[in-house]
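Report on the structure given below.
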Amino acid sequence: MNDTTDAFDQLRDDGRAGVAPDAGFVGRLRLRLENAPADATPDIALPDRKQHTRTDATGTVADPPAPIGTQILTPYISVHDGVAALDWYATAFGALETVRYVGDDGRLGHAEFTFNGARIMLSDAYPEIGVVAATSYDGSSCALHVEVADCDALHEQAVAAGATSMMPPTDQPHGARSATVVDPFGHRWMLSQQLSSPTSAEIDAAYDDFTVVDGNTD
């Protein structure tokens, strides 16, 4: 501020700054500043600030929830031909490549693409450091589960592009219509279209060979 500006002008209570301050607080603060000795530092009581924590059902402090729209767990897959894989995911799933790092030896050291709003990381195999392609195993030990708008259409599109169907689109007791495909690079994709939201009891009643245990109960 310039030398002609009264510092107390900053304590306006007319709302000209866009948000009207608490008139009572402004009045008390102004009075205290006016009456304080010139060399004194005013002791101003501020409202207590609460530290926000979150506990789970056992009373244990849990990690704070991630901001809405933030993906905090990102799949990182390795394949035997990264360039071909990125092209295939774009064709079969409509994925969008966002970045790639190409090494001097031609291998993809890192790449990323988005699929239905999820970010997925990918690299070529680097067996010399323990990074191997899914095709090195007798099947993949994990699957990538993705929520889709049309399970049937995406399953058909993926199979037409060369995926192997492990399970055709089927309505499930848990309320989703699901399908599973294996891409040409050895990864399983579980395509899930939510149709309804049955209760745990309703899901349990629909299964003959599984017992559904609700994790929120003791």
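The values are calculated or read from the model by the stated rules, or taken from the named source; none is laboratory data. Here the structure is a predicted model, which is why all the values come from computation and not from measurement. Using ideal geometry, Cβ is built from the backbone for each residue, glycine included, and neighbour counts are taken over all protein chains shown.
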### Counted residues, the range 194-210 - those being of a type in the set (A, V, I, L, M) and in contact with a strand residue (DSSP E or B) (Cβ under 8 Å, 6 or more places away or on another chain)
1
### Message
Looking only at strands (runs of 3 or more DSSP E) that lie completely in the range 109-218, which have at least 3 residues being modelled with pLDDT of 95 or more, farther than 24 Å from VAL99 by Cβ and charged (D, E, K, R)?
### Response
none
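Yes/no matrix, rows are residues, columns are (1) of a type in the set (A, V, I, L, M); (2) under 20 Å from ALA90 (Cβ atoms); (3) surrounded by fewer than 17 Cβ atoms within 10 Å (Cβ to Cβ); (4) touching a Lys or Arg at 6+ places or on another chain (Cβ under 7 Å):
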{"site": "VAL146", "(1), (2), (3), (4)": "yes, yes, no, no"}
{"site": "ALA176", "(1), (2), (3), (4)": "yes, no, no, no"}
{"site": "ASP183", "(1), (2), (3), (4)": "no, yes, no, no"}
{"site": "ASP204", "(1), (2), (3), (4)": "no, no, yes, no"}
### Task
Among what's in the range 56-77 and is in a strand (DSSP E or B) and modelled with pLDDT under 95, pick the residue that is nearest to ALA133 (Cα to Cα).
ALA62
### Task
Being without any contact (Cβ under 8 Å) to a residue 40 or more places away in the chain and surrounded by 12 or more Cβ atoms within 10 Å (Cβ to Cβ) is the filter here, so list the residues in the range 185-202 that pass it.
LEU195, PRO198, SER200, GLU202
### Message
For the structure I just gave you, tell me whether LEU154 is touching a strand residue (DSSP E or B) at 6+ places or on another chain (Cβ under 7 Å) and under 21 Å from ARG119 (Cβ atoms).
### Response
yes
